[in-house]
Amino acid sequence: MTALLAALTGIGPLTTDMYVPSLPGIAASLGATTAQTQLTISTYLVGFAVGQIIWGPFADRHGRRPVLLVALALYIAATVVAALAPSIEVLIAARVVQGIGGSGGIVLGRAVVRDLYAGARAGREMSVISAVMALAPVIAPALGGVLETAFGWRATFYLLIVAGVLLASLVFAVLPETLRIRAEEPVSPGSIVRSYRVLLKSPAYLAYAALSITTYAGLFAWISGASFVLQGLFGLDAFVFGLAFAAASAGYMVGAMIAARIVGRLGLDSTIGIGAIIQAFGGIFMVAALASGWASAFTLVAAVAIYLAGMGLVLPQSAAGALTRFPERAGAASSLVGFVQQSGAAIVGALVGVALGASAWPLALAIAIVSVLELLVWTATRGIRARGV
């Protein structure tokens, strides 16, 4: 079950991270500008955010398993269109739909965890899933670099089609239905709004959502800017960039593994606090490296690895904290926290993409700002989260 849930939550990162080394190649192949090519990431995030609003309420009403199969079918269809895209406009449109379908895995994976666990136990399970899931961004960029070098960018989407079909087959064959009590009200725009209104009235839920937004925004600042900084400014080829990206992503896996070991003893809040401090250090270190003239591909990757290690401590626990308070609407709670998370990431990623030029400063400043902001949020909302209201 843990491996399957990790694969479901990992399909989103896999779809982005394996694709990143191909961004310059896509721009050249389709005659697109840097800004247009960046939109294929930002629009995927927009679709991913919108999809998360949809899937949770439907899963609370109709069950996790059937809704998940619909989401995966949509993902597979959109990936086929992306693989065959004749223009950047078609690719951008396909990425929106791909994001909508791919978001079902992470929304319903979290909901299944909440169906089965609560509190620090849910945080531990999410940390274990995150540690397994982190293999995707470690392996995916290197694999994407190999596919780009050997076969071109379309090969990445063909492999994602195979992954989607395999995952849907596994869900159909082995995933049980974990929803115990179905929502009584039929799904409608009104019922969705009412469900989300209950969540938005909880200060503790909003505090955990704010932590999720800030920690995730730094990740997608990196995803949006990494290829153009490391390949464009520091001259790494697609394969070496994939290795560098994987090395940075390994930080997240390390952080998630540490969180799985300590959250049972320290609790959600202290684990998040440790992670927030580590992330702030990583963001400040990146800015310091640029300001001092020590910037290189190595120092930037090291700074991001530190940031992502802290994220491995923060992200699973903030999700567990948000969902624990609402067992009766775990799908909706997972949807909303995912939506705000992805929306913030899309905005920051788009801003970094637009600001990038002949300098790594937009990337470094974005990561530093959101990491310091996250630490401030954690400090300011400790009392609210402790009261659990």
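The values are calculated or read from the model by the stated rules, or taken from the named source; none is laboratory data. Fair warning: this is a prediction, and the values are worked out from it, not measured in the lab. Note: ideal-geometry Cβ built from the backbone for every residue, glycine included; neighbour counts use all protein chains shown.
Does Ala71 count as out of contact with any Leu (no Cβ under 6 Å at 6 or more places or on another chain) and buried (at least 20 other Cβ atoms within 10 Å of the Cβ)? Write out each step before concluding.
On the way: out of contact with any Leu (no Cβ under 6 Å at 6 or more places or on another chain): yes; buried (at least 20 other Cβ atoms within 10 Å of the Cβ): yes.
So Ala71 fits the description; yes.
Does any residue of the stretch 190-206 turn out to be within 30 Å of Phe151 (Cα to Cα), among the aromatic types (Phe, Trp, Tyr) and surrounded by fewer than 21 Cβ atoms within 10 Å (Cβ to Cβ)? Don't jump to the end; show me each part of the working.
Going residue by residue through the stretch 190-206, those that are within 30 Å of Phe151 (Cα to Cα) are none.
Looking through the stretch 190-206, none of the residues is within 30 Å of Phe151 (Cα to Cα), among the aromatic types (Phe, Trp, Tyr) and surrounded by fewer than 21 Cβ atoms within 10 Å (Cβ to Cβ).
Could you please find all residues in the stretch 144-196 being part of a loop (DSSP other than H, G, I, E, B) and either without any contact (Cβ under 8 Å) to a residue 12 or more places away in the chain or touching a Lys or Arg at 6+ places or on another chain (Cβ under 8 Å) (or both)?
Filtering the stretch 144-196 for residues part of a loop (DSSP other than H, G, I, E, B) gives 152-153, 175-188.
Passing the criteria: Leu175, Pro176, Glu177, Thr178, Leu179, Arg182, Ala183, Glu184, Glu185, Pro186, Val187, Ser188.
What single numbered condition from (1) surrounded by fewer than 24 Cβ atoms within 10 Å (Cβ to Cβ); (2) under 28 Å from Ala131 (Cα atoms) fails to hold for Val80?
With respect to (1) surrounded by fewer than 24 Cβ atoms within 10 Å (Cβ to Cβ); (2) under 28 Å from Ala131 (Cα atoms), Val80 is out only on (2).
With Ala32, Ala94, Ala85 as the choices, which residue is of a type in the set (A, V, I, L, M, F, W, C), touching a helix residue (DSSP H, G or I) at 6+ places or on another chain (Cβ under 7 Å) and at pLDDT below 85?
Working: Ala94 fails: at pLDDT below 85; Ala85 fails: at pLDDT below 85.
Residue meeting the stated conditions: Ala32.
Go through the stretch 112-144 and give me each residue that's farther than 22 Å from Ile92 by Cβ, at pLDDT 80 or above and buried (at least 23 other Cβ atoms within 10 Å of the Cβ).
Val112, Val113
Would you mind telling me which numbered condition in (1) within 21 Å of Ala332 (Cβ to Cβ); (2) surrounded by fewer than 24 Cβ atoms within 10 Å (Cβ to Cβ); (3) of a type in the set (A, V, I, L, M, F, W, C); (4) in contact (Cβ under 8 Å) with a residue 40 or more places away in the chain Ile106 fails?
So the condition that Ile106 fails would be (2).
Using the structure shown, decide if Leu45 is farther than 22 Å from Val193 by Cβ, out of contact with any Leu (no Cβ under 7 Å at 6 or more places or on another chain) and not hydroxyl-bearing (Ser, Thr, Tyr). First the steps, then the outcome.
Numbers: farther than 22 Å from Val193 by Cβ: yes; out of contact with any Leu (no Cβ under 7 Å at 6 or more places or on another chain): yes; not hydroxyl-bearing (Ser, Thr, Tyr): yes.
For Leu45, the condition - farther than 22 Å from Val193 by Cβ, out of contact with any Leu (no Cβ under 7 Å at 6 or more places or on another chain) and not hydroxyl-bearing (Ser, Thr, Tyr) - is met.
From the list Gly331, Gly353, which residue is part of a helix (DSSP H, G or I), modelled with pLDDT under 80, more than 20 Å from Tyr44 (Cβ to Cβ) and of a type in the set (Gly, Ala, Ser)? Show your work before the answer.
Values: Gly353 fails: more than 20 Å from Tyr44 (Cβ to Cβ).
Being part of a helix (DSSP H, G or I), modelled with pLDDT under 80, more than 20 Å from Tyr44 (Cβ to Cβ) and of a type in the set (Gly, Ala, Ser) holds for just one of Gly331, Gly353, which is Gly331.
For the stretch 28-42, does any single residue satisfy the condition of being assigned to a helix (DSSP H, G or I), free of Cβ contacts under 8 Å to residues at least 40 places away in the same chain and not acidic (Asp, Glu)? Explain how you work it out, then say what you get.
Start the filter on the stretch 28-42 by keeping residues that are assigned to a helix (DSSP H, G or I), which leaves 28-30, 34-42.
Imposing the further condition that a residue be free of Cβ contacts under 8 Å to residues at least 40 places away in the same chain reduces the set to 28.
Imposing the further condition that a residue be not acidic (Asp, Glu) reduces the set to 28.
Yes, the stretch 28-42 has at least one match.
For the stretch 75-92, name all the residues that are over 14 Å from Ile161 (Cβ atoms) and under 20 Å from the mean Cα position of the chain (by Cα). Full working, then the answer.
First, the residues of the stretch 75-92 that are over 14 Å from Ile161 (Cβ atoms): 86-92.
Across the stretch 75-92, the qualifying residue is only Ile92.
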